[in-house]
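The values are calculated or read from the model by the stated rules, or taken from the named source; none is laboratory data. Keep in mind it's a predicted model, so treat the numbers as computed, not measured. When we count neighbours, we look across all protein chains shown, and the Cβ atoms used for this are built from the backbone with ideal geometry, even at glycine.
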Amino acid sequence: MNFMFFFNSILLGVGLAMDAFSVSLANGLHEPFMKKRKMTLVAATFALFQFLMPLMGYFCVCSIAVIFGAFQKFIPYIALVLLLYIGGKMLYDGIKNKDEEQSSKVGITALLIQGVATSIDALSVGFTVAEYNVAEAIISCLLIGVVTFLICFAGIEIGKRAGTALAGKAGVFGGLILIFIGVEIFVTGVF
């Protein structure tokens, strides 16, 4: 482990965290009065998934690469369905409750679905870290998780500030962001 190992792991974390950042931004928009404790929980959830998925990919590459290779082609479809569902629900709720000042909160089920949807493509990072030993793979994935946490926490804060300014339109805007991310993952993964 040298400087380049850490540098590459951090850059990998930044790249992988972009979808989670966008969803965090949408969550902040959707819930502009989110407390710091919940912000930490949301960011930690994304970080946990971004830590676990590449690590699972690493172990899949090391043990069951054939099965993983067959599963990889479904990743864009799974992400699309999950984000369309959550984004569509957020969009529907935003339109339905457009006159209400109180925004609905992001629930644990939605958060877990978002975590899976934004990190499922990180399974393929297991191929990237396949040459590492187990300790290096764990440290690399841990760095990815820490970077994701910091980026997502910032995304929620930015979304909250914008959400307060946007008031009733925040749920609609957040839902559109999630739908866009799902379509983007699908298009880049399939084409």
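Some notes on this structure:
- Residue in segment 33-42 that is farther than 19 Å from LEU12 by Cα, among the aromatic types (Phe, Trp, Tyr) and modelled with pLDDT under 80 present: no
- Filtering segment 122-136 to residues that are in contact (Cβ under 8 Å) with a residue 40 or more places away in the chain and of a type in the set (D, E, K, R) leaves only GLU136.
- The lone criterion from (1) modelled with pLDDT of 85 or more; (2) under 15 Å from ILE156 (Cβ atoms); (3) in contact with a helix residue (DSSP H, G or I) (Cβ under 9 Å, 6 or more places away or on another chain) left unmet by MET56 is number (2).
- Residue that is modelled with the lowest pLDDT [pool: residues in segment 95-142 that are assigned to a loop (DSSP other than H, G, I, E, B) and of a type in the set (Ser, Thr, Tyr)]: SER103
- Residues (farther than 28 Å from VAL129 by Cα and crowded, with 24+ Cβ neighbours inside 10 Å) located in segment 26-52: ALA26, ASN27, GLY28, LEU29, HIS30
- When the test is whether a residue is at pLDDT 95 or above, farther than 16 Å from SER124 by Cα and among the aliphatic types (A, V, I, L, M), ALA26 does not pass it.
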